[in-house]
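Step one of this worksheet: look at the structure below.
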Amino acid sequence: MQKVRAIFVSDIHLGTRGCQADQLLEFLRHYESDYLYLVGDIVDFWAMKRSIHWSAAQNTVIQKVLRRARKGCRVIFVPGNHDEALREYAGIEFGEIQLENETLHVTADGRRFVILHGDEFDQVTRYHKWVAVLGDIAYNTLVWINTYLSKIRRRLGRPGYWSLAGYAKRKVKTAVSFIFDFEDSVIHAVKERGVDGVICGHIHWASIKQIDGLTYVNCGDWVDSCTGIVEHMDGRLELIEWMGHPATQGAPLALPSPVDEDEAVEAAVARTSMES
C-alpha cells in the first residue's frame, strides 16, 4: 500500500448498478491514509427508491471504510443530495465515522480547504428537484447502456474504459456551461471565508485548478470516471484516475492488490449473504 495523508472520494452511488465498487476497492487497497473524506452521494437513496442493486463488492466497500475507522483512520462523511437524509444527523458519529454537513481540512503544508458536496450551488437540484430526479434517471440510463457498450468493446479487443455519459458531457454545450457555472459559484461562495480552496463533488467532473486565486478541487465520481483525490505527505494534492491502476504509473499493477485476512472473511460472508 502507498501511504498518503488524506483521501477524498465522492459520488460513489452505492445501491446502483452503475457503482464501480470493484474499482473503488482496488483504489482503497492501494492507498493507506490518515484521513478519509467521503464527500457526498456515497449511498444513492434516490435511485434505491426506484430499484436496489447491492452487490457483494458494495458490501465490502462499507466494511472496508468501517474497518479503516476502527484502525485509527479519521473518516469524515459529508452527505450529498442523494444521501441528504443523513444531513439531519450532522455532528454525531456512527461506527467511528464523523458526520458533518461541511468541514475544514488543513493540508500538511498549511493550506485550508472547505469540504462540501456542492449540491447547494446547483440551482436545478436546489429549486427544481423533480427536474434533478428526471436528470438522474436519464443519467442512470446512459450508465446502463454503457455497461453493454463496454462488453462490446471488450469483445472487439478495444483497450481502456470509455464512458458514454462522460462523452455526452463533453459534447453537449449546455453541460459544459453548467460545469463552469458550478465551479464559479462554489469559488464565489467560499472566497470570503479566508480559506485557500474548496474540495467538493456533485457534478461527476474531477478537477484541480486555480480559479480567482483559490484552488478548486472536485473529486469526480465512481460511476463514470473512477476518480479520487489524494493528499501526499507534503501537502500536495493529486487527481487519481483509477481504472485498475494509478494514473501516475501508466500501466496496470502486475500483482493483485493485497487483501488482509479480516477483509477476505468479510467479503466471503457478504458474498454468501447476497447469494442466499
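So the values come out like this:
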quantity: Output for the range 35-59, where each listed residue is touching a Gly at 6+ places or on another chain (Cβ under 8 Å) and of a type outside the set (S, T, N, Q); calculated: Val39, Gly40, Asp41, Ile42, Val43, Asp44, Phe45, Ala47, Met48, Ile52, His53, Trp54
quantity: Scan of the range 221-267 for residues that are of a type in the set (Gly, Ala, Ser) and modelled with pLDDT of 95 or more, ordered by number; calculated: Gly228, Gly235
quantity: Positions within the range 66-89 being closer than 13 Å to Ile12 by Cα and either aliphatic (A, V, I, L, M) or in a helix (DSSP H, G or I) (or both), in sequence order; calculated: Val78
quantity: Residue that is modelled with the lowest pLDDT [pool: residues in the range 173-199 that are touching a strand residue (DSSP E or B) at 6+ places or on another chain (Cβ under 6 Å) and not aliphatic (A, V, I, L, M)]; calculated: Glu183
quantity: Every residue from the range 1-50 that is of a type in the set (S, T, N, Q) and closer than 26 Å to Phe113 by Cβ; calculated: Gln2, Ser10, Gln20, Gln23, Ser33
quantity: Qualifying residues in the range 197-222 (those that are more than 15 Å from Asp181 (Cα to Cα), in a strand (DSSP E or B) and without any contact (Cβ under 8 Å) to a residue 40 or more places away in the chain) - the one least open to solvent (accessible area, probe 1.4 Å); calculated: Leu214
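Yes/no matrix, rows are residues, columns are (1) at pLDDT 95 or above; (2) assigned to a strand (DSSP E or B); (3) crowded, with 20+ Cβ neighbours inside 10 Å:
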{"position": "Asp11", "(1), (2), (3)": "yes, no, yes"}
{"position": "Leu24", "(1), (2), (3)": "yes, no, yes"}
{"position": "Leu28", "(1), (2), (3)": "yes, no, yes"}
{"position": "Glu32", "(1), (2), (3)": "yes, yes, no"}
{"position": "Met48", "(1), (2), (3)": "no, no, no"}
{"position": "Val61", "(1), (2), (3)": "yes, no, yes"}
{"position": "Gln98", "(1), (2), (3)": "yes, yes, no"}
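The values are calculated or read from the model by the stated rules, or taken from the named source; none is laboratory data. Source: prediction; values computed, not measured. Neighbour counts are summed over all protein chains in view; Cβ atoms, including those assigned to glycine, are modelled from backbone coordinates with ideal geometry. Each accessible area value is taken on the protein alone, full model and side chains, heavy atoms only, with ligands, DNA and RNA left out. Shrake-Rupley method; radii C 1.70, N 1.55, O 1.52, S 1.80 Å.
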